[in-house]
Amino acid sequence: MQQRTHPEAMDTLEAILARRATSDEPWLILPEDALTSGAARRLSFREVFDSASSVASCLLTHGARESRVACIVADNSMEFISLFFGAILAGLVPAPLHLPYFVASWQAYIDRLCVVTAQCDAQFVLVSDEFGAVAGELAHDGRIGLSYGQLKGGGGVGSPAPRPRGPDDLVLLQFSSGSTRAPMGVELSGRAICLNVQGIGDVVGADPAVDVALCWLPLFHDMGLTGTMVYSWYWGLPLVLMRPREFVRQPLAWLWAVSRFKVTGCAAPNFAYSLCSSHAATRGDMLNGLDLSSWRIAFNAAEMVQCETVAAFNERFHAYGFRAEAMYPVYGLAENVVAATLSRPNRQPLFDCVDRSSLTHGYARDMDPAAPGVRRIASVGSPFGGARVRIVDEHGGEVAGRTVGGVEIVGPSTMRGYHRNVEETNRTFTSDGWLKTGDLGYMSDGELYIVGRSKDVVKKAGAKYDAADVQAVVGGVAGVRAGCVAAFSVESAVRGTEELVVLAETREENAELRRHIAVAITRAVLGTFGTGVDILRLLSPGVLLKTSSGKVRTDACRSEFLVSGFAAEGDSLRD
């Protein structure tokens, strides 16, 4: 492979695209079936750019107007990339939307998309051929619905020059995952995106000559879109692109793709690493020949990083070449493009051992790792690329190190605001320009430790417990699906306090074994927190409400519980 050079700093997406428009170096790798072979379709930077240019030309013939929004509905594919980059080249603002198979009801999905497209006053709804029906459903109120096939065969003339756009102009609407509220369009500029992906590569030492990226996360999510797709184009790294459903069907397909295509870096939420360890434990026969020695950056982000998950993954896959220092906890959010803090390279993940009870009083007190009542919290690193992080109390005052408070960030990659939502934008930014993330954490030795969400606090009998902490303990019980637990509190007029509710998915169908799981959950919570589970539901797989990135939507689950109680979905237990 030809030696690649370190990219010059760029500040617009148009500049990123133009830089590699004529390169015949391989970029996009689309595996046929990573579980069984290394066969794949390969496309160069030039081929992808030419396809995007064809889309852009057709959009211009359909009257694309500069800075209007183009909503995109497409799975991870060449079609998505062509639609996304084509919208950029046509001067539009792409807004990738969730896919139909992430929702339970087609009509509810269409209704939601109608709200979103109206909210952002989209001019176009662009879809892959697979989802052609979506374009027809949303092509009203002046919106133009077009499929990829229509655009490719629509008679666009020539290759358009990138439409001029300033570095600070709106270039992308990234819809937040909506784990605690309805998704909103995050306004991002080209400069913010470029500085973020440039900074990530600088910190981890991206090497265009040898690195290979991989993505199975949905490209409508920030970790997939900017954190991997745009990142890999910016740095000139080949990109192995899989579909989310491939991972869901068989998590080990992800690891085999790493092995077969010598992947050096990719990102995933904590639950994905846990799921791979579980599948490897039961399907060890599928690991013969697996080689993970090329993998040097395994970003762990989008949800709380669990010590148990990291240890289990290291232990299970060390024999297959995975190195402990490759696990890379990260903290980020769409409102800061994708990443806000990064761990230091070439070290194993750092876990802080703190007194669990001290956290309920707002302070992270050091504790012996072997002592009872200890909680291990992962460092997610330090801010980078000119960003700053501070921890504040409930009045907005900055607090001392190891004091738990609200996490706020400021820097060149923070969003412009929420699209057409001045009220929410004003609520999210402080008067001095800091972005309130909604997360709770503390700083120690210049590194950030995330404790949980400010809204995900379980209050019971005057004490406060972090929902993520409760969920992690329940998730460690044998028989409970990894990453499939919701914990919250509800008011009880009878008891005069709040009750702790736990919803947990399990694949176990045997009634007696389910009873054992329920008992194990109650004992684990009581033994860890000194409080009991008041209401427990064991649910079938897929019942819990989740975001597109796989995080449990605790607020939505709580709301559904208050309406239906999930009573029809599983076993019920009250203390």
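Descriptive notes on the structure:
- Residue within region 279-287 that is open to solvent by less than 10 Å² (accessible area, probe 1.4 Å), under 26 Å from Pro94 (Cβ atoms) and either of a type in the set (A, V, I, L, M) or touching a residue at least 40 places away in the same chain (Cβ under 8 Å) (or both) present: no
- Selection from region 196-230 of residues that are part of a loop (DSSP other than H, G, I, E, B), among the small types (Gly, Ala, Ser) and surrounded by fewer than 24 Cβ atoms within 10 Å (Cβ to Cβ): Gly205, Ala209
- Test: residue in region 397-405 that is farther than 29 Å from Leu195 by Cα, more than 18 Å from the chain's Cα centre (by Cα) and among the polar types (S, T, N, Q): yes
- Criterion applied to Val533, Val474, Val480 was being open to solvent by less than 30 Å² (accessible area, probe 1.4 Å) and over 23 Å from Pro251 (Cβ atoms), and the one residue passing it is Val533.
- Region 489-504 - residue that is surrounded by fewer than 24 Cβ atoms within 10 Å (Cβ to Cβ) and of a type in the set (A, V, I, L, M) and, of those, modelled with the highest pLDDT: Val501
- Those residues of region 85-118 which are at pLDDT below 90, closer than 25 Å to Tyr418 by Cβ and open to solvent by 10 Å² or more (accessible area, probe 1.4 Å), in sequence order: His98, Pro100, Phe102, Val103, Ala108, Asp111, Arg112, Val115
- Residue that is nearest to Ser294 (Cα to Cα), among those in region 175-202 that are touching a Leu at 6+ places or on another chain (Cβ under 7 Å) and at pLDDT below 95: Phe175
- When residues of region 235-264 are limited to those that are open to solvent by 20 Å² or more (accessible area, probe 1.4 Å) and not in a loop (DSSP other than H, G, I, E, B), the one modelled with the lowest pLDDT: Val248
- Search result, residues across region 320-339 that are among the aromatic types (Phe, Trp, Tyr) and either part of a strand (DSSP E or B) or surrounded by 21 or more Cβ atoms within 10 Å (Cβ to Cβ) (or both): Phe322, Tyr328, Tyr331
- Residue in region 276-289 that is at pLDDT below 95 and of a type in the set (D, E, K, R) present: yes
- Filtered residue count, region 104-125, keeping only those that are touching a residue at least 60 places away in the same chain (Cβ under 8 Å) and of a type outside the set (S, T, N, Q): 4
- Selection from region 367-397 of residues that are loosely packed, with under 13 Cβ neighbours inside 10 Å and acidic (Asp, Glu): Asp368, Glu394
- Filtering region 119-139 to residues that are outside any helix (DSSP H, G or I) and open to solvent by 20 Å² or more (accessible area, probe 1.4 Å) leaves Asp121, Ala139.
- Those residues of region 431-458 which are under 12 Å from Arg390 (Cα atoms) and polar (S, T, N, Q), in sequence order: Thr437, Ser444
- Every pair of residues 6+ apart whose Cβ atoms lie under 6 Å, when the first sits in region 304-331 and is within 17 Å of Val354 (Cβ to Cβ) while the second is in a helix (DSSP H, G or I): Met304/Ala468; Val305/Asn270; Gln306/Asn270; Gln306/Ala472
- Arg46 vs. criteria open to solvent by 10 Å² or more (accessible area, probe 1.4 Å) and free of Cβ contacts under 8 Å to residues at least 40 places away in the same chain: yes
- The residue list Arg390, Arg347 contains one member that is closer than 17 Å to Val451 by Cα and basic (Lys, Arg), which is Arg390.
- Ala486 vs. criteria part of a strand (DSSP E or B), of a type in the set (A, V, I, L, M), modelled with pLDDT under 95 and closer than 22 Å to Leu275 by Cβ: yes
- Region 295-308, residues that are of a type outside the set (A, V, I, L, M) and either surrounded by fewer than 18 Cβ atoms within 10 Å (Cβ to Cβ) or not in a loop (DSSP other than H, G, I, E, B) (or both): Phe299, Asn300, Cys307, Glu308
- Scope region 519-542; condition part of a loop (DSSP other than H, G, I, E, B) and without any contact (Cβ under 8 Å) to a residue 40 or more places away in the chain; matching residues: Gly530, Ser540, Gly542
The values are calculated or read from the model by the stated rules, or taken from the named source; none is laboratory data. Remember, it's a predicted structure, so these values are computed and weren't measured experimentally. Don't worry about glycine lacking a Cβ; one is built from the backbone with ideal geometry, like all the others, and counts go over all protein chains shown. Please note that ligands, DNA and RNA were not included when accessible areas were found on the heavy atoms of the full protein model with its side chains. Shrake-Rupley method; radii C 1.70, N 1.55, O 1.52, S 1.80 Å.
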